[in-house]
1. For the stretch 22-39, take each phi angle, set θ = phi - 60°, evaluate the Karplus expression 6.51 cos²θ - 1.76 cosθ + 1.60, and give the result in whole Hz per residue in order, putting x for glycine and proline.
2. At a 1.4 Å probe, what is the % contribution of carbon and sulfur to the accessible area of the stretch 50-175?
3. Taking H as built 1.01 Å from N, whose amide H comes closer than 5 Å to the amide H of Gly76, not counting residues under 5 places away?
4. Using each residue's phi in the stretch 76-93, evaluate 6.51 cos²θ - 1.76 cosθ + 1.60 at θ = phi - 60° and report the 3J(HN,Hα) Karplus result to the nearest Hz, with x for Gly and Pro.
5. Is the chain best put as rounded, prolate or oblate by its Cα gyration tensor, with a ≥ b ≥ c the root eigenvalues, rounded for a/c under 1.5, and otherwise prolate when a/b is larger than b/c, oblate when not?
6. Assigning unit charges at the beta carbon (Lys, Arg +1; Asp, Glu -1) and nothing else, what dipole magnitude in debye, to the nearest 20, does the stretch 50-175 show about its Cα centre?
7. With both bridge residues required to lie in the stretch 96-178, what share of the DSSP beta bridges run antiparallel, to the nearest 5%?
8. Got a sec? Charge dipole of the chain, +1 on Cβ for Lys and Arg, -1 for Asp and Glu; which of Asn32, Ala70, Ala125 is way out at the positive end?
Amino acid sequence: MNKDLLLSNLRNIPDFPIPGIQFKDVTSLFKNPACMREMDKTLYEMYKDCGITKIVGIESRGFVMASALAVKLNAGFVPIRKPGKLPAETISESYTKEYGTDTIEIHKDAIDTNDVVLIHDDLLATGGTMLAAYNLIKKMNAKKIYINFIIELEGLGGRSIFPAEADIRALLNVEVNE
Ligand code: AMP
């Protein structure tokens, strides 16, 4: 994978959305065709032999590469969304954030026990969002679960909150203050 291509096109926005946070803006990768191709190709190589049947994307930046990869892997795409956005019957999972709690939802009939699931989001920070998604898919008794990010922020310990058996892969590892 051409990491330099991706890293040189990744926009960093200091103090967004609050002072002290370096926001990694993946839309600067999404708008660049060479970066899109590079991410798509790398993800395909990473997961082509895993037997994945469903790719779950986390709203909203997780939707982009999850859908592109679903087409390539001949898998289905499933959205995880904020409460009240999905029209059919849902199941939900709440998790603690720095301030208060948050909830995510998935359609109840989106995953079955024969599914091998890849959950994808743009970025791993503290891991709270993805752990909630992982717990949600676990509750649905998927056969196997893989976890993927475009970027893993190093230094926040996000990876350490997952059970040891969780298969977590990222395209880029970036220091939190880089
Ligand atoms: P967390 O639950 O702390 O792992 O946060 C992950 C979610 O928040 C992802 O959906 C990211 O899109 C977003 N996020 C958190 N921190 C950042 C950051 N520094 N830059 C870009 N997105 C972030």
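1. Per residue, the Karplus-derived 3J(HN,Hα) values read 8, 7, 8, 8, 6, 5, 6, 7, 5, 7, 9, x, 5, 5, 4, 4, 5, 5 Hz.
2. Carbon-and-sulfur percentage of accessible area, whole number: 47.
3. Long-range HN contacts for Gly76: Lys54, Ile55.
4. x, 10, 10, x, 9, 10, 5, x, x, 9, 8, x, 9, 5, 10, 10, 9, 9
5. Here the chain falls in the oblate category.
6. Taking the Cα centre of the stretch 50-175 as origin, the dipole is about 280 debye.
7. Around 5 percent of the beta bridges assigned by DSSP in the stretch 96-178 are antiparallel ones.
8. Toward the positive end, the furthest listed residue is Ala70.
The values are calculated or read from the model by the stated rules, or taken from the named source; none is laboratory data. Since the structure is predicted, the reported quantities are computational estimates derived from the model, not experimental observations. Using ideal geometry, Cβ is built from the backbone for each residue, glycine included, and neighbour counts are taken over all protein chains shown. Side chains are part of the model used for accessible areas, which takes the heavy atoms of the whole protein and leaves out ligands, DNA and RNA. Shrake-Rupley method; radii C 1.70, N 1.55, O 1.52, S 1.80 Å.
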